[in-house]
Amino acid sequence: MREGPEPPADEAELVRRVDALRGATLGDVAKSVGLSFDADGVHTKGKGGEVLERALGATGGSAKVHDFPALAIELKTIPVNARGHPHESTYVCTLPMEDADRAEWETSWVRSKLARVLWVPLVSPHDALHAARRIGRAQLWSPTPEQDAVLRTDFEDALGAIALGHVEALTAHTGRWLQVRPKARDGAARTVSWTPDGERIPTVPRGFYLRASFTAAILADPRALP
């Protein structure tokens, strides 16, 4: 049986809920909604998001819908240090490898995911146990037109490279804010892409990630252009 509140009725209610959790540890919040942390931190990556989803009434789960479907809001927990700088880049979604030649920014899932985001910082040293991380000041964010333009350019550059058969040339250095990185549990996972000659080749699945420099900037100033 699900423990925790029903989905929030509107943005204001969601903000009130997350504000009420500020300063609490993930361990405390987990207990309040019937979850627990494994003693081994390696196995708790992603648990922070699960805890917050349960506590805030998110229902999207792993389906291809927003975490708060009725509000079209995505929840992103983001581990940060005491100065508010993220420890790592933030995963957004998988990269549509086979549809690269037809994908458009306006209708892309990555743009939809980033259209309205509830950022929830989890404050701690990098090596701290997940349960000890404290919930920081959350923020609802939507890209400004200027931010959207940069993200669009990053998206189009990445998808254009794949469509032209240059998937292997994409690295984590590609993209100003939106980067492409491998997204797989291990090196054995494979998907399909193409060479410049149109030959189908196996390659590792990839995902879109937001650089830590960008998320650090918008946590401090939602309109930032780092």
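Of the residues GLY57, GLY48, GLY23, only one is closer than 23 Å to TYR91 by Cβ, modelled with pLDDT of 90 or more and not aliphatic (A, V, I, L, M); which? Give the derivation first.
Working: GLY48 fails: modelled with pLDDT of 90 or more; GLY23 fails: closer than 23 Å to TYR91 by Cβ.
Only one candidate qualifies: GLY57.
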Within region 52-74, can one find any residue that is in contact (Cβ under 8 Å) with a residue 24 or more places away in the chain, under 13 Å from the mean Cα position of the chain (by Cα), closer than 16 Å to ALA212 by Cα and not in a loop (DSSP other than H, G, I, E, B)? no
In region 70-93, what count of residues is obtained for those that are more than 27 Å from ASP127 (Cα to Cα) and modelled with pLDDT under 95? 0
Determine whether ALA163 is under 30 Å from GLY23 (Cα atoms) and either among the small types (Gly, Ala, Ser) or free of Cβ contacts under 8 Å to residues at least 60 places away in the same chain (or both). no
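Out of LEU114, LEU122, LEU71, I need the residue that is surrounded by 17 or more Cβ atoms within 10 Å (Cβ to Cβ) and either farther than 26 Å from PRO182 by Cβ or charged (D, E, K, R) (or both). Which one? Talk me through it step by step, then tell me what you get.
Values: LEU114 fails: either farther than 26 Å from PRO182 by Cβ or charged (D, E, K, R) (or both); LEU122 fails: either farther than 26 Å from PRO182 by Cβ or charged (D, E, K, R) (or both).
On inspection, the qualifying residue turns out to be LEU71.
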Within region 123-132, does at least one residue satisfy the condition of being in contact (Cβ under 8 Å) with a residue 40 or more places away in the chain and either assigned to a strand (DSSP E or B) or under 21 Å from ARG223 (Cβ atoms) (or both)? yes
Within region 152-159, identify whether any single residue is in contact with a helix residue (DSSP H, G or I) (Cβ under 9 Å, 6 or more places away or on another chain) and touching a residue at least 60 places away in the same chain (Cβ under 8 Å), and answer yes or no. yes
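Residues of region 164-185 being part of a strand (DSSP E or B) and farther than 23 Å from PRO226 by Cβ, which ones?
Answer for region 164-185, where residues must be part of a strand (DSSP E or B) and farther than 23 Å from PRO226 by Cβ: just PRO182.
For the structure I just gave you, tell me whether ALA161 is at pLDDT below 90, in a helix (DSSP H, G or I), more than 17 Å from the chain's Cα centre (by Cα) and not basic (Lys, Arg). Break it down into steps so the answer makes sense when it comes.
On the way: at pLDDT below 90: yes; in a helix (DSSP H, G or I): yes; more than 17 Å from the chain's Cα centre (by Cα): yes; not basic (Lys, Arg): yes.
Yes; evaluated as a whole, the condition is true for this residue.
Residues in region 85-122 that are in contact with a Ser or Thr (Cβ under 7 Å, 6 or more places away or on another chain) and outside any strand (DSSP E or B): how many? Walk me through it before giving the result.
Taking region 85-122 and keeping what is in contact with a Ser or Thr (Cβ under 7 Å, 6 or more places away or on another chain), we get 86, 90, 97, 115-116, 120, 122.
Imposing the further condition that a residue be outside any strand (DSSP E or B) reduces the set to 97, 115-116.
The number of residues fulfilling the criteria is 3.
The values are calculated or read from the model by the stated rules, or taken from the named source; none is laboratory data. In this text, all values refer to a predicted model and were calculated from it rather than measured experimentally. We place every Cβ from the backbone using ideal geometry, glycine too, and count neighbours over all the protein chains shown.
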